[in-house]
Every structure is written in C-alpha cells, then in structure tokens.
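**Q** Please find one structure pasted underneath; my questions will follow.
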C-alpha cells in the first residue's frame, strides 16, 4: 500500500474583490508519493565522513531534537522530533550533521550528537509478540501501533526479534515494523 503525503497549497485567485477574499481561504490538497528507501543514493563506508555506509538506520538519542532545513544551526528548524529512540534513516551526511528521513518520508538535518547507532523499530500497526518466529507460536504480548522497540535480529523468513524497554522479548513479522528492512 502506498503511503501518501498531503501538501497544502493556497490558491491565489483574483476574480474581483469578493471572489479573491473567498479564494484565499480555500486550501487545495495535492497528493504525491512519499519517497521510498529505494530511491536513496548508496555510498560505501569508505566514502563517508563517519566511516559508516549511507543509507543506514539510526535512532534519536534524546527526547527532543530539532530537524533543520540544512546542515547548520543557522538553518531554520523544519521539525522537532520528541520521541527518544525514534528510528530514522541517514540519507546523507557531513562531518557534524546527518540528513535523515523519518517514517512519514520527511527529511531534515540533525546534529550528529543527537543520534545513536542503536537499531530501534516502530510498530506500524498493532502486532503480536510471539515466543518463536512463526505464526502458530504462542503470543507473549500485543504491541500497540507506534510503539518503539529495540531490534535484536531479523531472520531469512522475514521475522524479527524485538525487545521492549521493560524487557519483553519476542518475534513479529518484519512487515509490521519500520526500521527493520535491509537498506542494501
């Protein structure tokens, strides 16, 4: 299922004084595809300032992080992320800044110290946490949509072992997670 991003554009119509006042209050919604991970340029670890490949997953180290429109503090703040452990994809980098893409497909630049290399995932929809990596296994817990968990591993059968912050471990299908798929 394609994810769609809504962008608001104000229509500027000038059909007389009464019509233009009404037209300025109308907002038109334009729908476009959110960029996927497939259209990210891949760069080997040897060619990046960090020594890690791009793209790669990271997570927020702290609970409040400004995402800027460019790689400096002089650039305006585009987003403020407020969830410690939120998984992001690094799509470009400089020595001290990382351009990241979030689960909605939005991109911004984040200062390097605010990011962690710890692999975390977000539950996309309510998902069972199973004792073993198979559909018939016992359900240990049910994870709510948007829950953030630590990624332990994923197997070749598309199941991932995850762990909650309070120590619950289990398996769930990879298609229920954002931040677990292979990037290259």
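Values in this text are rule-based calculations from the coordinates and carry no lab data. Everything numeric in this text was worked out from a predicted model, so none of it was measured. Because the Cβ atoms are built from the backbone with ideal geometry, glycine has one as well, and the counts that use them run over all protein chains shown.
**Q** Hey, with R₀ at 35 Å, roughly what FRET efficiency would residue 77 and residue 136 work out to, going by the Cβ-Cβ distance, to 0.05?
**A** According to the calculation, E is roughly 0.15.
**Q** Find the percent of Cα-Cα distances in segment 82-132 that exceed 17 Å, and round it to a whole number.
**A** Summing the P(r) of segment 82-132 above 17 Å gives 43 percent of all pairs.
**Q** Go from 0 up to the bin containing the longest alpha carbon distance in segment 121-178, width 10 Å each, and give me the % of pairs per bin.
**A** Histogramming segment 121-178 at 10 Å steps yields 28, 64, 8 percent.
**Q** Something else now. Considering all alpha-carbon pairs of segment 37-118, what whole percent are spaced by more than 21 angstrom?
**A** 20 percent
**Q** Would you please put 141-151, 52-62 in order of how densely packed they are, using the mean number of other Cβ atoms within 10 angstrom per residue and starting with the highest?
**A** Going from most to least packed, we get 52-62, 141-151.
**Q** Which values, in whole Å and largest first, are the semi-axes of the equivalent ellipsoid of segment 86-184 obtained as the square root of 5 times each eigenvalue of the Cα gyration tensor?
**A** With the √(5λ) rule applied to segment 86-184, the semi-axes are 28, 13, 12 Å.
**Q** Using 0.36 nm times the number of residues separating residue 95 and residue 50, minus their current alpha carbon distance, what extension gain do you get?
**A** 15.5 nm
**Q** Taking the Cβ-Cβ separation of residue 145 and residue 106 as r and a Förster radius of 30 Å, what is the calculated FRET efficiency to the nearest 0.05?
**A** Calculated transfer efficiency: 0.95.
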